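Peer 1: First the structure, then my questions, so here it is.
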Amino acid sequence: NAGVTQTPKFQVLKTGQSMTLQCAQDMNHEYMSWYRQDPGMGLRLIHYSVGAGITDQGEVPNGYNVSRSTTEDFPLRLLSAAPSQTSVYFCASSLRQGAQPQHFGDGTRLSIL
Amino acid sequence: EDQVTQSPEALRLQEGESSSLNCSYTVSGLRGLFWYRQDPGKGPEFLFTLYSAGEEKEKERLKATLTKKESFLHITAPKPEDSATYLCAVQAYGAQKLVFGQGTRLTINP
């Protein structure tokens, strides 16, 4: 099993560009989520999904969009990148809603110029 | 609002020098407290879950303990490979999300 796979590992964007961060898991987990990690701050929840076709907002959802068309995939879209979105993004999954522990991918390091 | 504070921010030890990391929390009904390890350039890796005050969990040189207000991660006779950032998180009853602390960056010098 690969676990949680995130692509790309690194990305540099210009302000105003859009892009999609990919996340896939092969553990048949129902629950998937996106976090961002900034220096001096804890991981903060952006969006989450409790199953295919169901998504909801987390703590810091503005500027991001998600969809969940399959159990395996949970892409995160930046609609119009801003320098404040420079961060490391982590995707995580767990067996079902509220279940722990969560399994994390290795992150996408995103810089917005 | 649920909150997690970890201390110290950074800790440097000599190999074999035991110490403890602190995680103080406030939460509206604790469902679970979680410890993760994060290596540079990697995602958090799960270590322990604690559910109630008085509970303890051990794994190799690590032992996690829980009270009603804080958790400690005790590191006994650490080795250089224990160097990492250690993250603490809590989940409240009925909540989807984990609330994370800022982490403690641990360095073990040989």
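The values are calculated or read from the model by the stated rules, or taken from the named source; none is laboratory data. As the structure is a prediction and not an experimental result, all values here were calculated from the model. Every residue, glycine among them, receives a Cβ derived from its backbone with ideal geometry; neighbour counts consider all protein chains shown. These area figures cover heavy atoms from the full protein model, side chains too; ligands, DNA and RNA do not enter into them. Shrake-Rupley method; radii C 1.70, N 1.55, O 1.52, S 1.80 Å.
Peer 1: Quick one: work out the % antiparallel among DSSP beta bridges in chain A, nearest 5.
Peer 2: Once the DSSP bridges in chain A are tallied, antiparallel ones form about 90 percent.
Peer 1: Another question about this same structure. Kirkwood hydrodynamic radius of chain B from all distinct Cα pairs, in Å?
Peer 2: Averaging 1/r across every pair of different Cα atoms and inverting gives 13.9 Å.
Peer 1: How many partner chain Cβ atoms sit within 10 Å of a residue's Cβ in peptide A:45-51, on average, as a whole number?
Peer 2: Average per residue, whole number: 1.
Peer 1: Same structure again: Could I get the Rg over Rh figure for chain A? Both from C-alpha atoms, Rh via Kirkwood, rounded to two places.
Peer 2: Ratio of gyration radius to Kirkwood radius: 0.94.
Peer 1: On to the next question. How high is the relative contact order of the stretch A:65-113, in percent, counting Cα pairs under 8 Å that sit 6 or more residues apart?
Peer 2: About 34 percent, as a whole number.
Peer 1: If the cut-off is 17 Å between C-alpha atoms, which lysines fall inside it for residue B:79, apart from same-chain ones fewer than 8 positions away?
Peer 2: The qualifying lysines are B:59, B:63.
Peer 1: What is the distance, in nm, between label points placed 7 Å from the Cα along the Cα-to-Cβ direction at residue B:10 and at residue A:77?
Peer 2: Each label point lies 7 Å from its Cα, and together they span 4.1 nm.
Peer 1: So with the 1.4 Å probe, I'd like the accessible area per residue for chain A, rounded to whole Å².
Peer 2: Normalised by residue count, the accessible surface of chain A is 45 Å².
Peer 1: Turning to a different aspect of this structure: In the calculated pair distance distribution of the stretch A:56-110, what percentage of Cα-Cα distances lie above 15 Å?
Peer 2: So the pairs more than 15 Å apart make up 57 percent of the total in the stretch A:56-110.
Peer 1: Taking each residue in B:95-104, count the Cβ atoms of any other chain within 10 Å of its Cβ, then average. What number comes out?
Peer 2: 6
Peer 1: Also, quick follow-up: Rounded, prolate or oblate, given the Cα gyration tensor of the protein assembly as shown, with a/c below 1.5 counting as rounded?
Peer 2: The shape class here is prolate.
Peer 1: Only four residue types carry charge here, +1 at the Cβ of Lys and Arg and -1 at the Cβ of Asp and Glu. Report the dipole size of the protein assembly as shown about the Cα centre in Debye, rounded to the nearest 20.
Peer 2: The calculation lands at about 320 debye.
Peer 1: Which FRET efficiency value, to the nearest 0.05, is calculated for residue A:100 and residue A:41 with the Förster distance at 22 angstrom and r the Cβ-Cβ distance?
Peer 2: 0.55
Peer 1: Taking beta carbons within 10 Å but only from partner chains, what does the mean come to for residues A:91-101?
Peer 2: Other-chain Cβ atoms within 10 Å of each residue's Cβ, averaged: 3.
Peer 1: While we're on this one: Once a ≥ b ≥ c are taken as the square roots of the eigenvalues of the Cα gyration tensor of the stretch B:30-79, is the result rounded (a/c under 1.5), prolate (a/b larger than b/c) or oblate (a/b not larger than b/c)?
Peer 2: oblate
Peer 1: Among B:43, B:76, B:24, flag the residue with its Cα farthest along the positive direction of the charge dipole of the stretch B:1-92, charges on Cβ as +1 for Lys/Arg and -1 for Asp/Glu.
Peer 2: Toward the positive end, the furthest listed residue is B:24.
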